[in-house]
Amino acid sequence: MSFPLNPAQRDAVRTTDTPLLVLAGAGSGKTRVITAKIAHLCESGIDAARIVAITFTNKAAREMRERTQALQRDAAKPPGGGAVTIATFHALGLSIVRREAKAMGLKAGFSIFDPSDLESIVAELVATADRGRARAAQWQISQWKNALTSPAAALAQAKDDDQRAAAHAYARYADTLAAYQAVDFDDLIVRPLALFDADADAAARWSTKFAHVLVDEYQDTNPAQYALFRHLVGTQGLFTAVGDDDQAIYGWRGATIENLARLHDDYPRLRVVKLEQNYRSSVRILRSANALIANNPKLHAKKLWSELGTGDTIHVASCADDEAEGEMVVAAISAQRFEQRGKYGDFAVLYRGNHQARAVETALRAQNIPYVLSGGQSYFERAEIKDIVAYLRLVANDDDDPAFVRAVTTPKRGVGESTLAKLGEVAALKKQSLFAAVFEPGFNAIAQPRAREVLQQFCALINDLRYRAAKEPAGRLLAELVRAIGYDDYLVATFDKRDAQNRGKSVQDFVDWLSRKGEADEKSLLELTQMIALITLLEGREGEAADVVHLSTLHAAKGLEFPHVFLIGLEEGILPHREAVDAGNVEEERRLMYVGVTRAQRTLHLSFCRTRKRAGGRVDCRPSRFLDELAQEDLRYRGAPLPADEAARAKETGVERLRALKALVAR
DNA sequence: TAGAGATTAGTTTTT
DNA sequence: CTAATCTCTA
């Protein structure tokens, strides 16, 4: 870990007087370069408070923070002034919105709506009961926001009725959210930009705040993020953008590779440094990765090399179906762990879509092998956590109607659809929140006495908590809240014993986590509530770095590495995904495969299924075209049984192995 | 209003 | 074949 930087890395670290783009291949030590550069900037006399490093995921931000701190300890030099800001784009945006809330017309306790909160709101705006249609409109609005397209422009470029309906909804969207005193995820980037356009003072505040801006995973920025980046860079124009065009996998979220080309135009003094030495994978793995990605047209040609030795051949397995594939993977993990005296934590199983984890999970559970699922449903998306968070949101912001509805109906307390409908009528009439409508004479007149009483009690509880939130510790209030609403009783009554216990445990973990967080960072309940909306990881558990098999989507695996990687479901329609093929996005799918292959340090297992269960029946599958694009001489067939005659042939060269495989599949 | 049972859709990645 | 939504009854 402490071996010296290579010449290219050193170059990247020491270039501080001109804008810099670092093209960092997979495993080329980019996080190391960023952290070393932060340390270097501090040493060269820049106040740490004037340095910002931006990442895309909370996990990456956390890792960078840890490594920066470690480096500063080693340097035995107290960091001057404040601390370096290390945050995701969205967390950074949140701190801007928070600081400028008043200027944006938001109260301090504004809510952050997640997509599920917005779904019904958008459904109403486009006047549809069809969920698919509502979500399409929601997605479209998000695309427009990330592309910095105004509602008027959106309407002008709308191609069909659905898009026109979405554009009309988009025009009213901002006002609707304002009524709830809420912002969505995209707003965390877009609203600061709007403020900077309208308010020169605020614009200047943020364009001069940082002397150096570092961005990780630059290839994944979308136009809105790029605009924010440019603004933070300001007129001084000093930054370090680190990225890899071969790992751009968020095009569907509006990220555009053109941002790489744009950097040259917007900053003519831009220097480019390439990092091509890979410190992660064996030669065979890299050879296949290079061969694969060579099929994509390239802006900056790049060829990774490694000094880590030839390594094992890459295994390719054909499986009868997804169930067999799961069992094959688990059997291979058991055997390999035994042979190499490895740990479960050395293994990762990667796949295109979350649903593919299921078969592997089943097989792992059958063998009692511990595992973690990353990139699937996150901790904060679990129903029990969202229940509790709904109360917190309501305490922070009583205009938050979605939070009100969720909180008031969980646990069940005798307020149902008809009461909520009446409340909604009054609220709409008076242009008030649901919370405020509870105390309206008009509502009193039409509500059932019992429901009315329950509602008033509920609001009293929320008001009490709000009153105390300013002075009492967040953890204690939360614990009291959970008790006051009888949440444990609700769990026991609603779920079977085991499930109730699990959910109760995760609520308890949440209370503990928030208590610690509140004490450590001196955060108020309000700040913690807003932060929760952005956090996607179970932070508490991660510190343990448990010895468990990792299951992850390819997207969520970016930036990670494992000694042994299993890449499953390599079939046409899955990787590349059918929708992507139809939309002509095979190149992005290829980069996704490339990301998967380059996660592996020592061994790589590829597999595909010949058939797959779907909607009750069975569907035939064909191996992915990407298998053909790997370095065939490094592949070896293994796994599911081949007929004897083909097994003999399969022992020969990789090309023939693959042909034998395909012949088998063709039947 | 709330929970049990019937019905019907279901195809990708996430801050 | 699931899982989530919808409908019906106590």
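Yes/no matrix, rows are residues, columns are (1) in contact (Cβ under 8 Å) with a residue 24 or more places away in the chain; (2) closer than 25 Å to A:Ala261 by Cβ; (3) more than 26 Å from the chain's Cα centre (by Cα):
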{"site": "A:Ala12", "(1), (2), (3)": "yes, yes, yes"}
{"site": "A:Thr16", "(1), (2), (3)": "yes, yes, yes"}
{"site": "A:Ala24", "(1), (2), (3)": "yes, yes, no"}
{"site": "A:Ser28", "(1), (2), (3)": "yes, yes, no"}
{"site": "A:Arg32", "(1), (2), (3)": "yes, no, no"}
{"site": "A:Ile38", "(1), (2), (3)": "yes, no, no"}
{"site": "A:Cys42", "(1), (2), (3)": "yes, no, yes"}
{"site": "A:Ala48", "(1), (2), (3)": "yes, no, yes"}
Every pair of residues 6+ apart whose Cβ atoms lie under 8 Å, when the first sits in the range A:184-204 and is more than 19 Å from A:Tyr170 (Cβ to Cβ) while the second is among the polar types (S, T, N, Q): A:Phe196/A:Ser207
For A:Ile54: the one exception among (1) over 17 Å from A:Thr240 (Cα atoms); (2) at pLDDT 95 or above: (1)
Any hit, the range A:99-111, residues being without any contact (Cβ under 8 Å) to a residue 40 or more places away in the chain and touching a helix residue (DSSP H, G or I) at 6+ places or on another chain (Cβ under 8 Å): no
Members of the range A:148-165 that are surrounded by 15 or more Cβ atoms within 10 Å (Cβ to Cβ) and either free of Cβ contacts under 8 Å to residues at least 12 places away in the same chain or within 16 Å of DNA strand B (Cβ to nearest atom) (or both): A:Leu148, A:Thr149, A:Ala158, A:Asp162
The range A:117-137 residues that are touching a residue at least 40 places away in the same chain (Cβ under 8 Å) and outside any helix (DSSP H, G or I), paired with ones that are within 12 Å of DNA strand B (Cβ to nearest atom) and among the hydrophobic types (A, V, I, L, M, F, W, C) (beta carbon under 7 Å, 6 or more apart): A:Val126/A:Ala134
Verdict on A:Ile112 being within 20 Å of A:Gln181 (Cβ to Cβ), of a type in the set (Val, Ile, Thr) and within 12 Å of DNA strand B (Cβ to nearest atom): yes
Residues (of a type outside the set (A, V, I, L, M), in a loop (DSSP other than H, G, I, E, B) and under 30 Å from A:Val454 (Cβ atoms)) located in the range A:484-538: A:Gly486, A:Phe495, A:Asp496, A:Ser524
Selection from the range A:585-630 of residues that are within 13 Å of DNA strand B (Cβ to nearest atom) and within 29 Å of A:Ala335 (Cα to Cα): A:Leu592, A:Met593, A:Val595, A:Gly596, A:Arg612, A:Lys613, A:Cys621
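Residue-by-condition table, conditions (1) at pLDDT 90 or above; (2) in contact with a helix residue (DSSP H, G or I) (Cβ under 8 Å, 6 or more places away or on another chain):
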residue: A:Ala12; (1), (2): yes, yes
residue: A:Thr18; (1), (2): yes, no
residue: A:Leu21; (1), (2): yes, yes
residue: A:Thr31; (1), (2): yes, yes
residue: A:Ile38; (1), (2): yes, yes
residue: A:Gly45; (1), (2): no, no
Options A:Lys431, A:Lys343: the member that is within 29 Å of the chain's Cα centre (by Cα), more than 15 Å from DNA strand B (Cβ to nearest atom) and charged (D, E, K, R): A:Lys343
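The values are calculated or read from the model by the stated rules, or taken from the named source; none is laboratory data. Bear in mind the structure is a predicted one, so any value in this text is a computation, not a measurement. Don't worry about glycine lacking a Cβ; one is built from the backbone with ideal geometry, like all the others, and counts go over all protein chains shown.
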